[in-house]
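First up is the structure itself, then whatever we jot down about it.
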Amino acid sequence: DSGVTQTPKHLITATGQRVTLRCSPRSGDLSVYWYQQSLDQGLQFLIQYYNGEERAKGNILERFSAQQFPDLHSELNLSSLELGDSALYFCARSQGRNQPQHFGDGTRLSIL
Amino acid sequence: DQQVKQNSPSLSVQEGRISILNCDYTNSMFDYFLWYKKYPAEGPTFLISISSIKDKNEDGRFTVFLNKSAKHLSLHIVPSQPGDSAVYFCAASKMDSNYQLIWGAGTKLIIKP
């Protein structure tokens, strides 16, 4: 058990739409990370939140945004969806710096 | 710019033998390295990590070796078991990037009975 719950597991939608992916880390873990994994690729870091504040940004498109709430759950919002946004989106938690990240099972997003 | 490279897309090893997975990196500022295992339809699972101040870290059947001069790390699994069949990712981070992980593309390990 990684201590990270991601919902929904699967999401199918159309181009131009907007979706919200949810991540609930284990209680007490202040850092949340979002990653995108396209087909047969490595994971691409999108964004990190620490205790409600954005801490680091990676290759995140302007159409994407995220936030972390006071209860430490996080949401990743994807808008104006394109076919190329079809991917697995993972959330990870960490206890702190130089600590391993632990991943949820991801949300598979399919854009038709 | 691929800073972390896993040059073998796949590797096949006999059950009971040693599996050696390799990873190269280009950024000498990386100071923390991790290996993850991933099964289909699941998130990556943390296996083992190593700090740049060490050259070896061992945890049960898993050992990670770090060669800083060659910018190379490897994961040894011995003995290999059928349940080890998965995709293995190496990842690296550096302190001034707030420990964002940079990932390799993964190596698919197949353990043959």
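Laboratory data are not the source of any read-out in this text; all were calculated from the coordinates shown. Please read these numbers as outputs of a predicted model, since none were measured by experiment. Heads up, the Cβs are rebuilt from the backbone with ideal geometry, glycines too, and the neighbour counts pull from every protein chain shown.
The table that follows gives values for the structure above.
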quantity	calculated
For B:101-109, mean number of other protein chain Cβ atoms within 10 Å	4
Relative contact order, percent, chain A [alpha-carbon distance under 8 Å, six or more residues apart]	38 percent
The protein assembly as shown - charge dipole about Cα centre, Lys and Arg +1 at Cβ, Asp and Glu -1, debye rounded to 20	340 debye
Alpha carbon convex hull of the protein assembly as shown, projected area averaged over orientations, nm²	12.2 nm²
Peptide ranges B:29-41, B:80-92, A:53-65 listed from the most packed, as the mean C-beta count within 10 angstrom indicates	B:80-92, B:29-41, A:53-65
Residue among B:I102, B:F89, B:I53 farthest towards the positive dipole end of chain B, charges placed on Cβ	B:F89
Coarse-grained scattering of the range A:42-100 at q = 0.16, 0.21, 0.26 Å⁻¹, given as base-10 log I(q)/I(0) from a Debye sum over alpha-carbon atoms	-0.55, -0.92, -1.31
Rg followed by Dmax, in Å, when chain A is reduced to its Cα trace	13.1, 39
Length gained when the stretch A:R18-A:L39 is fully extended (0.36 nm per residue, less Cα-Cα span)	5.5 nm
³J(HN,Hα), Karplus 6.51/-1.76/1.60, whole Hz, each residue of the range B:9-25, x for Gly, Pro	x, 8, 8, 10, 9, 6, 4, x, 8, 8, 9, 10, 10, 10, 8, 10, 9
